[in-house]
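What follows is a set of notes on a single structure, which appears directly below.
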Amino acid sequence: MKNTELKSFIAILVVLLTLFTVYQVIIHQLFYNQLKSDSITTWGEITARLVEQNPENEAEIMKVLTSHSIHSIQYQEKGKDILRQYGLHEDLESQLFPLLNNHIFRHSQFIYWGLVCFGCILLLVSYMQQKMFFNKIRQLTSAAKKIIDGDYSVAINENKEGDLAKLVVSFRSMKDIIRQSMQDLREERGFLVQILQDISHQLKTPLSTISIYNEMMLNESLPRQQQVQLLQNNDAQISRMNVLIQNLLKVAKIDARAISFEKEPANLVETIEDSLDRLDRMITDHRISIDWDTSKEVVVIHDKLWMQEAILNLLKNAIEHSKPGGKILIKIENTPIFTELVIQDFGEGIDAEELPHIFERFYKAIGSKKHDSVGIGLALAKSIIEAHQALIKVESERGAYTKFTVTFIKF
């Protein structure tokens, strides 16, 4: 039995019943001893009077008193007849036997008061236990009201085992779950507000540009060549907004844990090569040489499509910030503990004070030559990599290099 409240109540009840039983045994023993003493006193007086009047019958009288007389039945009947003549018989009320009546009255009083006392003790113990139990219930009720009002500092402790302790533990677990849920809800609300602000801020400029170009195109005297140029500018702005919105939605889904990554052992080399293939035209246009020499297979647990997205953004950043005709180094180091991927360009570099901010959404380095960048690619790459329980760090020196290192832990 694990219910300590019930066990303690049963234990107290057993103790009280035991004490009451002992009390009853003592009372009955006292009653019998008193009855025996009074009987000896009464029969002693009768015996003394009979022996005094008939000394020769002393032995016979003692035989009658000790039930050793051979004529006891005969004399018992004669004695009953004599007593009946004086009004004493079995049907007579006990109140007419003063000595016996006093014994029965005192004995009944002891039993009655014993019952009253033990009944009061039992009621008091039951009241105290129920009061303690309902005090705990009231504490839980009060704590629940405080939690509803947003106060999660309430604490209810229960050091004993039992169902009440289990209820308290479950209540504490529920409180922690509600607190965490409310915290997550506040974070999600703040995250949503931030995303909406980011989208609004980033779309404001291209939308304003498109609006101005449209007003210019409404001018009928505008040459056809300029109209085409404005349409092309609008198309570029629309494409920029489309990329921005798609990347923002990807970052938002990852941060909100709304994406289930299909992680499985896959060749990281193939993932990198697929990313390079998608950037082939961009690499050619910038005349970038790729220093990429590694083994044919390095198995890492990852979601191939999403990791391509992350590596693509790192490579794209390296290409955009490299000088025309520059070089990008890609290197993989595979050990029993970790796999390390390095992507390094030798372009404009980043100032030391700007390094802590480059993974922030919409952050652009002050000296960056890429003016049309929206600053979302590196934030997306970091979110994807960290969702794989991997690490990413950056090292850079202005005018020399920028190196991204991605570390996949194998345990």
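FYI, it's all coordinate maths here, none of it is from the lab. Just so it is clear, the structure is predicted and the values come from calculations on it, not from any experiment. Cβ placement follows ideal geometry from the backbone for every residue including glycine, while neighbour counts extend to all protein chains displayed.
With θ taken as phi - 60° and the coefficients 6.51, -1.76 and 1.60, list the Karplus ³J(HN,Hα) couplings across the range 126-131 in order, rounded to whole Hz; mark glycine and proline as x.
Values, residue by residue: 4, 5, 5, 5, 5, 5 Hz.
Summing Lys, Arg as +1 and Asp, Glu as -1, what charge do residues with Cβ under 14 Å from the Cβ of Ser142 carry, Ser142 excluded?
Residues close to Ser142 contribute a combined charge of +3.
Can you tell me the relative contact order of the range 210-349? Whole percent, Cα pairs under 8 Å, sequence separation 6 or more.
Result for the range 210-349 is 20 percent.
Can you give me the long-range amide H partners of Ala266? Hydrogens built in the peptide plane at 1.01 Å from N, cutoff under 5 Å, separation of 5 or more residues or another chain.
Those lying under 5 Å, H to H, from Ala266 are Val300, Ile301, His302.
Peptides 383-390, 323-330: what's the order by average Cβ count within 10 Å, highest mean first?
Those peptides, ordered most packed to least, come out 383-390, 323-330.
Give me the one-decimal nm value for the distance between modelled label points at Thr209 and Leu35, 7 Å along each residue's Cα-to-Cβ direction.
In this crude label model, Thr209 to Leu35 measures out at 11.6 nm.
Distance check, please: which entries in Lys304/Lys327; Lys382/Lys403; Lys296/Lys393; Lys253/Lys331 exceed 18 angstrom between their Cα atoms?
Lys304/Lys327; Lys296/Lys393; Lys253/Lys331
Quick check: net charge around Asp303, other residues with Cβ under 9 Å of its Cβ, Lys/Arg +1 and Asp/Glu -1? Write out the running numbers ahead of the final one.
Values: positive: Lys263, Lys304; negative: Glu262, Glu264.
For residues surrounding Asp303, the net value is 0.
Provide the net charge surrounding Val269, with neighbours chosen by a C-beta distance below 12 Å and charges set as Lys +1, Arg +1, Asp -1, Glu -1.
-2
Applying 1/(1 + (r/R0)^6) with R0 = 25 Å to the Cβ-Cβ distance of Lys131 and Thr18, what FRET efficiency is obtained, to the nearest 0.05?
Values: r = 24 Å, r/R0 = 0.98.
It comes out at approximately 0.55.
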